[in-house]
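Below is one structure; the comments refer to it alone.
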Amino acid sequence: MAKVTLKNIYKVYKGGVKAVNDFNLDIPDKEFVVFVGPSGCGKSTTLRMIAGLEEITSGSLYIDDVLANDLEPKDRDISMVFQNYALYPNMTVYENMAFGLQSQKLPKEEIKKKVDQAAEILGIKDYYNRQPRELSGGQRQRVALGRAIVREPKVFLLDEPLSNLDAKLRVQMRSEITKLHQRLQTTFIYVTHDQTEAMTMGTKIVVMKDGFIKQVDTPTNLYMHPANIFVATFLGSPQMNLFNAKIVKDGKKYKILLEDGTENVVPLTTNKLLEITDDNFVDKDLILGIRPRDIHIVPNTEDGFKIKVEIVEKLGDENLIYTHLFGKKEYTIFVVDAKQEVKVDDELTIKFDEHNIYLFDKENEESLFKIPEYNYFTIDDINKYLDIEELSKKIY
Ligand code: ADP
């Protein structure tokens, strides 16, 4: 069991920097939680408060329902892996991995057994006698992971552990860490600024900005139901296109007017209309978001927006097309299959897939659509609520 609960946690550094504001989160046992957000948003500070390396200014931290604010790091039963590995340079790989267990005064044979087991999982047994400087970046990071594993902690904390590795190794280590999580069945809390790492590794993602949590959910739900413009544009590559928008009444129906142009119209489908939670949505200043994969080329004879192709970026299997729409100074980007021949200066008609539009209030940047309140549940929840009636009570 390793549950971590953060209640109304704040961190104010000396000099008044408010690094973390009212952070509330329940991390159930065996979860792989990722804190993601741009540099300086408070991810590391939060992780370091959980580790006990940084004092909590106010609020409560519980590890397995025990108040942990004042526990020494060594008494929290956690292990931390850092971006710069933090290995002892004068010790061998074996000594680095065994060090923590030796300070716990475990018998030699037991230490050997635990180190062997971890080294086996990570494939580093052949390097036992090498020093860190004789290893590649990826091998060093494996040793750092091994040192964390041997202690069999309740919670693993990982602070940007892959940032110093090259792109290929990062992808490989990403799947190794995911496998490690499945094998160890322990709670992982992982910090990264990289949305791909967050989306591919996390079972639950916490998106942060300026010390605040912007949204918490599974990768799929964050992508499908972003609660605000920040989350909508932070996740997804290329980033979601945004336009000024207004919903206007057209007889008995509604339509969406983009960038104040009477020709720039997207229909508001009945389904989307039903999703809107704001009673005063007509004529309000809104932002419409559309992902680059939800804009499609249609025959020139169809209704749609006429564009001229300005840039074609070839990615291999698909191409990114850049154009200027509705006189906006930012590019609008959309994605086409590489087999579809599109060249610079081509004149095309494009359409937004109206079933996949997003609408946000321009003022507070929150979604106009209902975000499922509890669209996240763990394996344990499912087991507990196998009774479908109980499960639906929890969801609806
Ligand atoms: P992240 O991990 O998301 O990049 P951090 O948690 O490191 O962000 O930092 C959050 C904010 O706190 C930043 O504004 C940073 O400058 C500030 N900060 C971090 N460490 C300290 C410190 N020791 N003293 C003062 N301010 C700090």
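The values are calculated or read from the model by the stated rules, or taken from the named source; none is laboratory data. Everything numeric in this text was worked out from a predicted model, so none of it was measured. Neighbour counts are summed over all protein chains in view; Cβ atoms, including those assigned to glycine, are modelled from backbone coordinates with ideal geometry.
Scan region 1-37 residue by residue and report those that are more than 7 Å from the ligand (Cβ to nearest atom) and out of contact with any strand residue (DSSP E or B) (no Cβ under 7 Å at 6 or more places or on another chain). Steps first, answer last, please.
First, the residues of region 1-37 that are more than 7 Å from the ligand (Cβ to nearest atom): 1-12, 16, 18, 20-36.
Passing the criteria: Met1, Gly16, Pro28.
Looking only at region 166-182, how many residues end up being of a type in the set (D, E, K, R) and farther than 15 Å from Gly202 by Cα?
Number of matching residues: 3.
Considering only region 142-177, how many residues are surrounded by fewer than 17 Cβ atoms within 10 Å (Cβ to Cβ), touching a residue at least 60 places away in the same chain (Cβ under 8 Å) and in a helix (DSSP H, G or I)?
Count: 0.
Go through Val191, Val216, Val248, Val207 for me and flag whichever is crowded, with 22+ Cβ neighbours inside 10 Å and farther than 26 Å from Leu320 by Cβ.
On the way: Val216 fails: crowded, with 22+ Cβ neighbours inside 10 Å; Val248 fails: crowded, with 22+ Cβ neighbours inside 10 Å; Val207 fails: farther than 26 Å from Leu320 by Cβ.
From the options Val191, Val216, Val248, Val207, the qualifying one is Val191.
Report yes if Ser44 is crowded, with 18+ Cβ neighbours inside 10 Å, within 15 Å of the ligand (Cβ to nearest atom) and within 29 Å of Gly123 (Cβ to Cβ), otherwise no.
Values: crowded, with 18+ Cβ neighbours inside 10 Å: yes; within 15 Å of the ligand (Cβ to nearest atom): yes; within 29 Å of Gly123 (Cβ to Cβ): yes.
Considered against the rule, which asks whether it is crowded, with 18+ Cβ neighbours inside 10 Å, within 15 Å of the ligand (Cβ to nearest atom) and within 29 Å of Gly123 (Cβ to Cβ), Ser44 comes out as yes.
What residue, of Val4, Val33, Val20, Val12, is among the β-branched types (Val, Ile, Thr), modelled with pLDDT of 95 or more and more than 20 Å from the chain's Cα centre (by Cα)?
Numbers: Val4 fails: more than 20 Å from the chain's Cα centre (by Cα); Val33 fails: more than 20 Å from the chain's Cα centre (by Cα); Val20 fails: more than 20 Å from the chain's Cα centre (by Cα).
Testing whether each residue is among the β-branched types (Val, Ile, Thr), modelled with pLDDT of 95 or more and more than 20 Å from the chain's Cα centre (by Cα) leaves just Val12.
Please work out which one of (1) in a helix (DSSP H, G or I); (2) touching a Leu at 6+ places or on another chain (Cβ under 6 Å); (3) within 25 Å of Met201 (Cβ to Cβ) is the condition Arg48 fails and give its number.
(2) is the only condition that Arg48 fails.
Restricting attention to region 322-347, report how many residues are closer than 13 Å to Pro238 by Cα and within 26 Å of the chain's Cα centre (by Cα).
To start, the set of residues in region 322-347 that are closer than 13 Å to Pro238 by Cα comprises 322, 331-336.
From what's left, within 26 Å of the chain's Cα centre (by Cα): 331-336.
Final tally of qualifying residues: 6.
Filter region 287-303 for residues that are exposed (fewer than 13 other Cβ atoms within 10 Å of the Cβ) and either among the aromatic types (Phe, Trp, Tyr) or within 19 Å of Leu258 (Cα to Cα) (or both) and give the result. Break it down into steps so the answer makes sense when it comes.
Quick first cut of region 287-303, residues exposed (fewer than 13 other Cβ atoms within 10 Å of the Cβ) only: 299-303.
Selection gives Glu302, Asp303.
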